[in-house]
Structures are given as structure tokens and as C-alpha cells.
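Some notes on the structure that comes next.
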Amino acid sequence: MSNRVVKSKGGQSKKTQDRHSLYEYICLNGVEMPACSRCREKSLACKLSDKSERCGECVRAGVTCDADGFSAIALSRISREKSRLESEEEAAWDEMVTLQAKLARLRKQKRLLERRGVEMVRRGLENLDELEKEDRRAEGGRLAMGPTQAGEQDFVWDFSQITDLDVSGPYSAGHEQQGMGHSLEYFGDVAQLRIEHGAG
């Protein structure tokens, strides 16, 4: 019968793999206890669990351990209590995040209310409902104006369209005022035509 140690594909024996798995379990689920001689000498965290009488660091090193451990039942209870507290801690964190989001939303609503309240007082209104109604009426008025009236406000004279008016010829003193009157009437007609054209 061969005495060779069976090794895994990774080059480690099954015993070494089991030792590493136990070490990882103790690190995740173990309870830190008063340090054993080795952990105290190396300033390491000395953790024990219900899976081993040795601490995690001694398990990893494959050496004996003189830690003053509790019974497996006591360690199991401590481990379960630790898991419960961690679950409650996570739930409390999630609740805190939710409350922070709610607080930010309430602060934003408060700032909006303060601004609307100042505007309500400035307009002499009794409540925010009246302010909302006025805002809706004003918005409706702007929509009703449409681009036509906005175009009227932005109307610019375009003299290139005036082709029939001859202002280059000489005017006698007697006809100057009359000619100016006709010119103003013509400008008025052109402006009216442009406004009507924009409305169409």
C-alpha cells in the first residue's frame, strides 16, 4: 500500500485544504477571545468557534493552541447571537438610508413651501390654492398668446419690402407735409399687412 499523500489538482493535500476551510470558517463565524500564547506573541486576533478547540490562527499554522476556550455549546450560542446582531445592524443601516432619503425630501418640500408662501403673501392671496389657480391662469394666458402675438412683439421693420414709395424726388415746400402724411399712412399699411400675414 502506498504511503503517498493524495494531492488535489492545485497541489495541496486534502488535509491542507480542510485546514484552510476551517480557518476561513473561524474567521467569518468565530468569536474573538483572550489571546492564546501564539496570538499574543504575534499580536494576532485570537478567534474561536464551535468547529475547533484551536483558534483560527493556530489552525492555519497547523500548531497546537493553548487558548482558554469555552465549550462548543457556549461558542455556538455566542456565534448565533453574533449573527443575529449583524442582521439587526444591517436592517438598521437600511432603515437609516431610507430615513435619510425621506429627510432630504421633506427639507426640499419645506424650502418650496417657504418660497411659495412668500409669493402668496406678495400677491395678497389667502392660501396656496389661490396661488396655484393664478399660476395656472397665467400659464394658460401665455399658451393662448401663441407665437403670433409673440411675433407681433418682436416685429421689426423690413424696408426692403417697400417698393412703391419714391422718397428720392424733390418735394416743394407746399407738398412736403402732404407727402410726409402719405408716407406715414403707407408705413402703417405695410405694418398692418405684415401683422396680418404673421397671424395667417
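Among the residues of the range 47-69, the ones that are assigned to a loop (DSSP other than H, G, I, E, B) and of a type outside the set (Asp, Glu) come to 9 in all.
To keep it simple, each residue is scored yes or no on (1) assigned to a helix (DSSP H, G or I); (2) out of contact with any His (no Cβ under 8 Å at 6 or more places or on another chain); (3) at pLDDT below 90.
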residue: ARG4; (1), (2), (3): no, yes, yes
residue: LYS9; (1), (2), (3): no, yes, yes
residue: LYS15; (1), (2), (3): yes, yes, yes
residue: CYS27; (1), (2), (3): yes, yes, no
residue: ARG38; (1), (2), (3): yes, yes, no
residue: ALA45; (1), (2), (3): no, yes, no
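Taken over the range 67-106, residues that are at pLDDT 90 or above and not small (Gly, Ala, Ser) amount to 18. The set of residues from the range 38-76 being among the basic types (Lys, Arg) and more than 42 Å from the chain's Cα centre (by Cα) comprises ARG38, ARG40, LYS42, LYS51, ARG54, ARG60. In the set (1) at pLDDT 80 or above; (2) of a type in the set (Phe, Trp, Tyr); (3) over 33 Å from the mean Cα position of the chain (by Cα), TYR186 fails one condition alone, (1).
For the range 78-95, the count of residues that are outside the structural domain of CYS36 (by TED's automatic domain parsing), of a type outside the set (Gly, Ala, Ser), part of a helix (DSSP H, G or I) and in contact with an Asp or Glu (Cβ under 9 Å, 6 or more places away or on another chain) is at least one.
The values are calculated or read from the model by the stated rules, or taken from the named source; none is laboratory data. On a predicted model such as this, the values are computed, not experimentally measured, just so you know. Glycine gets a Cβ as well: all are built from the backbone with ideal geometry, and neighbour counts include every protein chain shown.
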